[in-house]
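J.: Have a look at this one before I ask anything.
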Amino acid sequence: MYVSRKTDCCWRTKCLLIIFISISALNFLQILNLFKTFIPSSRTDSRIKIHGFIKVRGEATIPMGNYNDAEYIGINEVVSPRANDPRKLSLLPLVFLIFYEVAGGPFGVEDTVQAAGPLLALVGFLVFPIIWSVPEALITAELGTMFPENSGYVVWVSSALGPFWGFQQGWVKWLSGVIDNALYPVLFLDYLKSGIPALGGGLPRVIAVLGITLVLTYMNYRGLTIVGWVAVMLGILSILPFVVMGFISIPKLRPARWLVADVHNVDWNLYLNTLFWNLNYWDSISTLVGEVHNPKKTLPKALFYAVILVVLSYFFPLLVGTGAVPLERDLWTDGYFSDIAKILGGVWLRWWIQGAAALSNMGTFVAEMSSDSFQLLGMAERGMLPEFFAKRSRYGTPLVGILFSASGVILLSWMSFQEIVAAENFLYCFGMILEFIAFVRLRIKFPNASRPFKIPGGTVGAILLCIPPTILIGVVLAFSSVKVMIISLAAVAIGLVMQPCLKRIEKNRWLKFSISSDLPDIHHDTGALLH
């Protein structure tokens, strides 16, 4: 029996490694194209395009390219009345907002070493971005510049598959974002409780969670520009101690420690979920595109720089931690980097790392809440939610969306770290499947639509780009526990019921719904959008 189990374990491990290597090789060409594709085209077309068709007054709709004198109007050419708003985000704040949407520093990557050892942990944070992060960032760059509005991935799915599925996308993405954000006040306190034991539990911890949530929520209320520059400051402060720790560790580095691997003793569920959690949410920035200055150029550049920043912020600290300290896999849990800092530099460096972790959690919280709340505003501007969600405060922020998102964070903060990560990953996977389908569908449905940033390769290239991350989604879902699957499917079912209920409320005029006049009607017949 023992031999049988061992053989079965070896077989499953080999299969997983083959899948891992195969999908990595399949997607490697995307890295080679990264430098080329993340530089937006400087070409401009005096004609204005919409959905690949043109219409001349008094004549039938004509496919684009068949009429040389016609003028086009594009879905991404609509000029917002806030286009010259000085509160718009510039490149540097946008880079750090993406950084915090995705990473926020290496805090939370420790479990990959516990689950799989140093070699697989390091390889994971080099290979996983090729399989997942780069395709998601490229898709976000193309669709985000094609639809430069705050509904983000909601309008992508809605324009490709219809408003029902657009709403489902908005529901699961918002819920997964709020679940994710519930982590950060808890993690903030976890890094401080070693110095302040009272924060470990009970009433003091509850009060602290509420206080932190309220303070950071108020920061979101005061304006996205403030949030963006706060993210820049917090990002620098969060990364700096690891640079110092890297220099201190040089005499103690032992490269042989990086090569330690035991493929027969890998917790694949923990390993894959931790990698997935730390390297997703690239598309979250799409719900802020309407607040970005010149998004056609700024968004692709910001995503490019953010990919580099995120990968380095994970790989470098892991390289230092696994190479400078003897391996004890059981110790590699959340917060272990602060213990490594104490071993390498002393108590002062430990406190610095703990402070950086606290700041990182703050930065991630405000960035995530910004995306979640502006997504609700964008959905209201599309008529998917009641009109009051579209109301802005005097600082230009979505007050109702912020309050709803903050309430969700407080209600979900009782969940454990592992439950939160597993539940949000499941919901996020559901949303990403819809996103990939929408991306390919839009390439087929509107091949000639104006795309300021376009991934090369045509429709076939779009399909190939989505294959590796889709396989990865299947692997992650296959490792989900029955409990997480049941809870997540119940959450999805709520969205399936909620959308028809909201349509009934709109029909009976119990609440007011409206579509912003600044946005194109993506559900109208092709050609009827033309002016």
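The values are calculated or read from the model by the stated rules, or taken from the named source; none is laboratory data. Computed from a predicted structure; not experimentally measured. Reconstructed Cβ throughout: ideal geometry from the backbone, glycine too, with neighbour counts over all protein chains shown. Accessible surface areas use protein heavy atoms only, side chains included; no ligands, DNA or RNA. Shrake-Rupley method; radii C 1.70, N 1.55, O 1.52, S 1.80 Å.
J.: Could you tell me which of the pairs Lys173/Lys342; Lys342/Lys483; Lys301/Lys445; Lys297/Lys445; Lys301/Lys503 are separated by over 30 angstrom between their Cα atoms in the structure shown? Intermediate results must be reported in sequence, preceding the final value.
T.: On the way: Lys173/Lys342 38 Å; Lys342/Lys483 38 Å; Lys301/Lys445 27 Å; Lys297/Lys445 25 Å; Lys301/Lys503 39 Å.
Beyond 30 Å between Cα atoms: Lys173/Lys342; Lys342/Lys483; Lys301/Lys503.
J.: Let me ask you something else. Would you please put 442-455, 349-362 in order of how densely packed they are, using the mean number of other Cβ atoms within 10 angstrom per residue and starting with the highest? Show your work: numbers first, answer last.
T.: Numbers: 442-455: 19.6, 349-362: 22.5.
Listed from highest to lowest mean packing, they are 349-362, 442-455.
J.: Also, quick follow-up: Beta carbons within 10 angstrom, averaged per residue: use that to sort the peptides 281-287, 387-393, highest first.
T.: Values: 281-287: 27.9, 387-393: 15.6.
Ranked from most to least packed, the peptides come out as 281-287, 387-393.
J.: Now for a separate question. Quick one: P(r) of the stretch 292-338 from all Cα-Cα pairs, 5 Å bins, percents rounded to integers, in order of increasing distance.
T.: 5, 17, 19, 15, 11, 9, 9, 8, 5, 3
J.: Still on this structure, please answer the following. Output the peptides 201-210, 463-472 sorted from most to least packed, where packing is the average of other Cβ atoms within 10 Å over each peptide's residues. All intermediate terms of the calculation are to be shown ahead of the outcome.
T.: Details: 201-210: 13.6, 463-472: 19.7.
In decreasing order of mean packing, 201-210, 463-472 become 463-472, 201-210.
J.: What Rg and what Dmax come out for the stretch 211-301 when only alpha-carbon atoms are used, in angstroms?
T.: 19.5, 52
J.: Shifting gears a bit: What's the percent breakdown of Cα-Cα distances in the stretch 83-525 across 10 Å bins, shortest bin first?
T.: Answer for the stretch 83-525: a P(r) of 4, 22, 33, 26, 11, 3, 0, 0 percent.
J.: With the full set of protein chains in place, find how many percent of the accessible area of the stretch 83-525 is carbon and sulfur; take the probe as 1.4 Å. Before the final figure, lay out each step's value.
T.: Values: 11260 of 16110 Å².
Roughly 70 percent of what the probe reaches on the stretch 83-525 is carbon or sulfur.
J.: Which whole-number value in Å² is the accessible area per residue of the stretch 83-525, probe 1.4 Å?
T.: Details: 16110 Å² over 443 residues.
Per-residue value: 36 Å².
J.: Please state the shape class of the stretch 382-492: rounded when a/c is under 1.5, otherwise prolate if a/b exceeds b/c and oblate if not, all from the C-alpha gyration tensor.
T.: The shape class here is oblate.
J.: Within 10 Å of each candidate Cβ there may be at most 14 other Cβ atoms; applying that plus a DSSP loop requirement, which GluC sites (Glu not before Pro) in the stretch 265-368 survive? Don't jump to the answer; show the numbers that get you there.
T.: Working: sites: Glu291, Glu328, Glu368; in loops: Glu328.
Sites meeting the loop and neighbour criteria: Glu328.
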